[in-house]
Amino acid sequence: MSINGGQAIDCDIHPALASTDVLLPYLDDYWREMVPNRMVADLTLASYPPAVPLSGRPDWRPKNGKPGTDFAMLQSQALDGFGTRFAICNVVHGAPAMVNDDFAAALCRGINDWLVAEWLDRDPRLRASIVVPTENPEMAVEEIERRASDKRFVQVLVLAQGERPLGRRTYWPIYAAAERHGLPIGIHAGSAGRHATTSIGWPSFFIEDYVANSQAFAGQLLSFVTEGVFERFPGLKVVLIESGFTWLPPFLWRFDKTWRGIRTEVPWVKQPPSELIREHVRLTLQPVDEPPTAQQLQRVVEHLESDDMLLFSSDYPHWQFDGEDALPAALDPALRRKIMVDNPLSTYIRLEESAS
């Protein structure tokens, strides 16, 4: 299948590390010794257990190993299969969650170098997000600066649930570097695992953790707006990845209503939060948390009050749809074009730069 004549841009695919050992050639001597010494062969995030069905469609799983580890399968199924022009690689890994800042930074550097050598250099359609040690902004900025000259890196990747709300000033150096280089901040579903993944404590089951991710994304949007991130960095874009989007309209209504009542607390928020969010925030399409009928989905999209917010994604190899149904049939043809091509190009300005 070719989506939109082979011009569609897939904003979320997931190459995966078979084990931490694949990074050894990309680490310096010290960390090359420490990885086996510390027995960290697998740093898969608990947010995405490889054996859980939604972490990999049956037909997208290699015969051996984790979903997303086979380059040839990704090439044939995600790139050729959907006929995409570009696909953005988001490596969801435990490296940014390491408590040891030096270890986290070393692993992030290794992942980014591994991405270049093992993925980006092997197919011109691939682009990537820079994985950074978020909890040490100085080291995160160093990694952004190190990789920013490679235009194939089009985004900075962080987790939705880390140590603290992402709008806090602690993280502002990361946003300054991202804005300077034209890199959106991609906030991906997932947890560093040191705080409860719901607001009422630790859940018992994976399904609770998974569904509760939308609460984390809502909390991060609250933080970005109320802390004044978009006032300080007016050129910054934020992309919510695997957040769903049907929760967003009522969230915006509630946010605007409350802001009108107590906005004296945050005088730097000079316009309704919904306007700021529509201007600065984008959301990947998959997983589509769509209601039962096409008419209901159309209503939700209308309630977003923007044609610019949704970005096409297959979420390969995660199991969010069957067969070729990455795009809900209910979407208007003109909107489908915007979601697949126009919105990604306006969000990721480096896509066109890296293609020229």
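The values are calculated or read from the model by the stated rules, or taken from the named source; none is laboratory data. Since we're looking at a predicted model, the values are computed, not measured. Backbone-built Cβ (ideal geometry, glycine too); neighbour counts: all protein chains shown.
May I ask you to list pairs of residues, at least six apart or on different chains, whose Cβ atoms are under 8 Å apart, with the first in the range 188-205 being in a loop (DSSP other than H, G, I, E, B) and the second being of a type in the set (Phe, Trp, Tyr)?
Cβ pairs passing all conditions: Ala196/Trp202.
Just give me the residues in the range 96-112 being within 15 Å of Ile187 (Cα to Cα) and small (Gly, Ala, Ser), in sequence order. If you could, list the steps in order and put the result at the bottom.
Quick first cut of the range 96-112, residues within 15 Å of Ile187 (Cα to Cα) only: 96-97.
Within the range 96-112, just Ala97 meets the criteria.
Let me confirm something: among Arg254, Arg232, Arg194, which residue is farther than 16 Å from Pro165 by Cβ and not aliphatic (A, V, I, L, M)?
Numbers: Arg232 fails: farther than 16 Å from Pro165 by Cβ; Arg194 fails: farther than 16 Å from Pro165 by Cβ.
None of the other options fit; the residue is Arg254.
Can you tell me which residue in the range 301-356 is surrounded by the most Cβ atoms within 10 Å (Cβ to Cβ), limited to those that are modelled with pLDDT of 90 or more and at positive phi?
Here the answer is Asp315.
What number goes with the only condition from (1) assigned to a helix (DSSP H, G or I); (2) among the aliphatic types (A, V, I, L, M); (3) surrounded by 15 or more Cβ atoms within 10 Å (Cβ to Cβ) that Ile262 does not pass?
Ile262 satisfies every listed condition except (3).
In a helix (DSSP H, G or I), farther than 19 Å from Leu74 by Cα and modelled with pLDDT under 90: does that describe Met34? Let's see the steps before the verdict.
Details: in a helix (DSSP H, G or I): yes; farther than 19 Å from Leu74 by Cα: yes; modelled with pLDDT under 90: yes.
In short, yes.
Listed residues Asp12, Asp59; which is under 20 Å from the mean Cα position of the chain (by Cα) and among the charged types (D, E, K, R)?
Numbers: Asp59 fails: under 20 Å from the mean Cα position of the chain (by Cα).
Exactly one residue qualifies, and that residue is Asp12.
Looking only at residues in the range 188-220 that are of a type in the set (Val, Ile, Thr) and either out of contact with any strand residue (DSSP E or B) (no Cβ under 7 Å at 6 or more places or on another chain) or over 19 Å from Met98 (Cβ atoms) (or both), which one is surrounded by the most Cβ atoms within 10 Å (Cβ to Cβ)? Give the steps one after another, and end with the answer.
Taking the range 188-220 and keeping what is of a type in the set (Val, Ile, Thr), we get 197-198, 200, 207, 211.
If we keep only those that are either out of contact with any strand residue (DSSP E or B) (no Cβ under 7 Å at 6 or more places or on another chain) or over 19 Å from Met98 (Cβ atoms) (or both) too, we end up with 198, 200, 207, 211.
Working: Thr198: 16, Ile200: 8, Ile207: 11, Val211: 14.
Among those that are of a type in the set (Val, Ile, Thr) and either out of contact with any strand residue (DSSP E or B) (no Cβ under 7 Å at 6 or more places or on another chain) or over 19 Å from Met98 (Cβ atoms) (or both), it is Thr198.
Is it the case, given these coordinates, that Val99 is at pLDDT below 95, among the aliphatic types (A, V, I, L, M), over 19 Å from Pro15 (Cα atoms) and assigned to a loop (DSSP other than H, G, I, E, B)?
yes
Only one of (1) among the polar types (S, T, N, Q); (2) farther than 17 Å from Gly244 by Cα; (3) in contact with a strand residue (DSSP E or B) (Cβ under 8 Å, 6 or more places away or on another chain) is not met by Ser346, so which one is it?
(3)
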